[in-house]
Amino acid sequence: MSRAALSIIARELRAAFLAPVGYIVAIVFLVMTGWLFMQPFFLNGRADLRQFFELLPLTLALMVPAVTMRAFAEEFSTGSFEVLTTLPVTRLDVLIGKFTGAIGFVALALAPTVLYPIVIARLGDLDWGPVVAGYVGAVLLIGLYCAAGLLASALTRNQIVAFVLGLAIALSLALIDDVLIYVPGRITTAVQYLGADYHFRSIARGVLDSRDLVYFLSGIAVFLTGAGLALRRRP
């Protein structure tokens with residue numbers, strides 16, 4: 001990774017933590033995930049992270065577009081993107097820097113949830129395999145949503161439009177499984193394979209299948225390529 005990309009990563013993280021929206025998004029996310037963690041204790045008497053991981057694709061789908069919406073749209077609307085391109089950085093550096101910065105911020109927001117399995121482990125026996133795999137899957141999921149959000153932000157100058165478009169893509173990836181009953185049986189497997197939730201659940205069970213890794217990495221590559229092409233069209 002180039003020094004220019006590292007500088008952009010630091011710039012993006014600094015902007016995310018200085019902006020009030022960053023704290024609001026992180027707090028709302030932690031409140032939602034905290035509720036998902038505590039609910040089994042009070043309603044089901046169950047001390048595990050099953051419900052937390054089951055709904056993580058949906059909660060991240062709601063959070064990540066709010067983080068990525070400003071990535072390029074704000075630069076376009078203020079004219080700072082044109083200034084940025086006059087500096088000794090390539091558009092690839094900018095794309096990689098913003099992508100890595102977005103992942104870093106969301107991952108840092110997710111980090112406090114590591115306390116949940118620690119608490120459970122103190123209350124009883126906890127199988128750490130699915131927990132570790134679940135967090136690995138969460139990072140891959142964050143990367144996929146961030147790449148989709150950057151594509152959405154690269155297509156418009158309006159942050160609200162970028163948020164709505166990024167949200168639509170992320171929710172589509174998260175909720176494909178819920179529409180399988182309306183899909184003809186001949187293509188059910190193919191449509192299911194497109195769902196991020198399907199692959200995340202597989203990893204969260206403690207199974208690191210190469211097909212799931214290929215899905216996430218290829219999805220990230222497709223969305224980042226799309227974002228790169230959108231940036232190339234900019235003067």
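Things worth noting here:
Let's see how each residue does on (1) surrounded by fewer than 18 Cβ atoms within 10 Å (Cβ to Cβ); (2) over 17 Å from Met32 (Cβ atoms); (3) modelled with pLDDT under 90:
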{"position": "Pro117", "(1), (2), (3)": "no, yes, yes"}
{"position": "Asp125", "(1), (2), (3)": "yes, yes, yes"}
{"position": "Gly149", "(1), (2), (3)": "no, yes, no"}
{"position": "Ser153", "(1), (2), (3)": "no, yes, no"}
{"position": "Leu167", "(1), (2), (3)": "no, no, no"}
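- Complete set of residues in segment 201-216 that are exposed (fewer than 14 other Cβ atoms within 10 Å of the Cβ) and free of Cβ contacts under 8 Å to residues at least 24 places away in the same chain: Asp209, Ser210, Arg211, Val214
- Hey, Phe37 modelled with pLDDT under 85, exposed (fewer than 15 other Cβ atoms within 10 Å of the Cβ) and assigned to a helix (DSSP H, G or I) or not: no
- Single condition Gln159 does not satisfy, out of (1) closer than 14 Å to Leu140 by Cβ; (2) in contact with a Lys or Arg (Cβ under 9 Å, 6 or more places away or on another chain); (3) surrounded by 18 or more Cβ atoms within 10 Å (Cβ to Cβ): (1)
- Count - residues of segment 90-102 that are closer than 26 Å to Ala66 by Cβ and surrounded by fewer than 22 Cβ atoms within 10 Å (Cβ to Cβ): 5
- Flag if Leu18 is out of contact with any Pro (no Cβ under 6 Å at 6 or more places or on another chain) and under 25 Å from Glu75 (Cβ atoms): yes
The values are calculated or read from the model by the stated rules, or taken from the named source; none is laboratory data. Nothing here was measured: the structure is a model prediction, and the numbers come from that model. A quick note on method: Cβ atoms are made from the backbone with ideal geometry, for glycine too, and the neighbour counts reach across all protein chains shown.
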